[in-house]
1. Under the 0.36 nm per residue contour assumption, what length would be gained going from the current alpha-carbon distance of residue 34 and residue 15 to full extension?
2. Quick one: 17, 47, fewest Cβ neighbours within 10 Å first, how do they rank?
3. Please list 26-32, 37-43 highest first by mean number of surrounding beta-carbon atoms within 10 Å per residue.
């Protein structure tokens, strides 16, 4: 498997801000999607974040 190109490590404040964005519901769809992807890819979360292939595939389906 190739090495990860980008490793997403969010701080607590960044994670909180992105979570608030996704709960508002009054933002552009692309911003919502970007925020969700960043939250899922974050390696600092308890689950360790999604593997890069997993979220790459989920964006195309």
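Derivation of every value follows stated rules applied to the coordinates shown; laboratory data play no part. Here the structure is a predicted model, which is why all the values come from computation and not from measurement. Here Cβ is always computed from backbone atoms with ideal geometry, including for glycine, and neighbour counts include all displayed protein chains.
1. On the way: separation 19, 0.36 × 19 = 6.84 nm, distance 1.26 nm.
Length gained between residue 34 and residue 15: 5.6 nm.
2. Going from sparsest to densest Cβ surroundings: 47, 17.
3. 37-43, 26-32
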